Amino acid sequence: MNDVFEALGDPTRRHIVESLSRHEASATQLASELPVTRQAVSKHLTALREAGLVESRKQGRETLYRVNTEPLDVAAAWIVRVGGEWDARLERLRGLVSSRRG
Amino acid sequence: MEVTREVVLDAPVEEVWSALTDPDQLEEWFTEDGEERELAIVEVEPGRRVAYTWDDGNVAIELEEVETGTRVVVTETGEPGWNAVFALRSLAYAYA
């Protein structure tokens with residue numbers, strides 16, 4: 001699975017995610033909203049799918065895409081947890097080296 | 001995924017370096033009371049940088065002498081996994 005923040009580093013992909021968060025859409029529908037070709041949209045959708053941010057289902061001959069926010073939630077939770085652990089750790093380190101002051 | 005934290009400690013570089021690399025001192029701040037973790041030091045640039053690996057991922061700590069003491073910059077690199085989902089639930093509680 002690719003890094004979600006890398007996947008969202010592109011403004012077109014962010015637009016796609018924002019659009020899909022409001023409603024399911026096909027690659028064609030998404031391309032009609034954007035100044036890029038349908039092929040470009042397909043490439044972006046592949047990158048988003050690899051990051052776990054987008055899922056798809058078939059409806060007849062069409063493929064419809066929708067957003068999956070779980071990878072973002074998981075990444076954010078990790079950042080908050082690990083950051084918090086380091087804040088606490090560094091305060092313990094501060095206490096340890098300061099307690100040596102004469 | 002990467003997280004960075006930075007502090008300035010009121011202590012000379014040598015003292016901070018010692019706290020980062022001496023196992024007895026590491027025990028006093030790296031883990032919380034009673035917690036047990038396996039930590040391996042994998043890279044050292046004495047007085048400047050130390051890299052560790054441990055069960056959660058990789059950590060690099062860089063030291064820089066500054067006017068008021070020592071700047072400590074920590075970067076942890078890891079992969080958010082399913083255990084992060086539990087952290088998300090407790091986060092939801094905190095926000096509720």
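The values are calculated or read from the model by the stated rules, or taken from the named source; none is laboratory data. If you're wondering where the values come from, they're calculated on a predicted model, not measured in any experiment. Quick reminder, even Gly has a Cβ in these numbers, built from the backbone with ideal geometry, and neighbours come from all protein chains shown. Heads up: the accessible areas ignore ligands, DNA and RNA and are worked out on the full protein's heavy atoms, side chains in. Shrake-Rupley method; radii C 1.70, N 1.55, O 1.52, S 1.80 Å.
Using a probe of 1.4 angstrom and keeping all protein chains present, the accessible surface of the protein assembly as shown works out to 58 square angstrom per residue.
Counting Lys and Arg as +1 and Asp and Glu as -1 over every other residue whose Cβ lies under 13 Å from the Cβ of A:VAL82, the net charge comes to -4.
Shielding value for A:83-93 is 6, the average number of Cβ atoms from other chains within 10 Å of each residue's Cβ.
With Cα atoms as the point set, the radius of gyration and Dmax of the protein assembly as shown evaluate to 22.2, 77 Å. Need one number: the % of Cα-Cα pairs in chain A sitting beyond the 25 Å mark. Roughly 38 percent, rounded to a whole number. For chain A, a crude dipole built from +1 on the beta carbon of Lys and Arg and -1 on the beta carbon of Asp and Glu, taken about the Cα centre, is about 260 debye to the nearest 20.
The relative contact order of chain A comes to 27 percent, based on Cα pairs under 8 Å that sit 6 or more residues apart. Note on chain A: helix-only mean residue ellipticity at 222 nm, from DSSP H runs of 4+ residues weighted -39500 (n - 2.57) and normalised by residue number, equals -20000 deg cm²/dmol.
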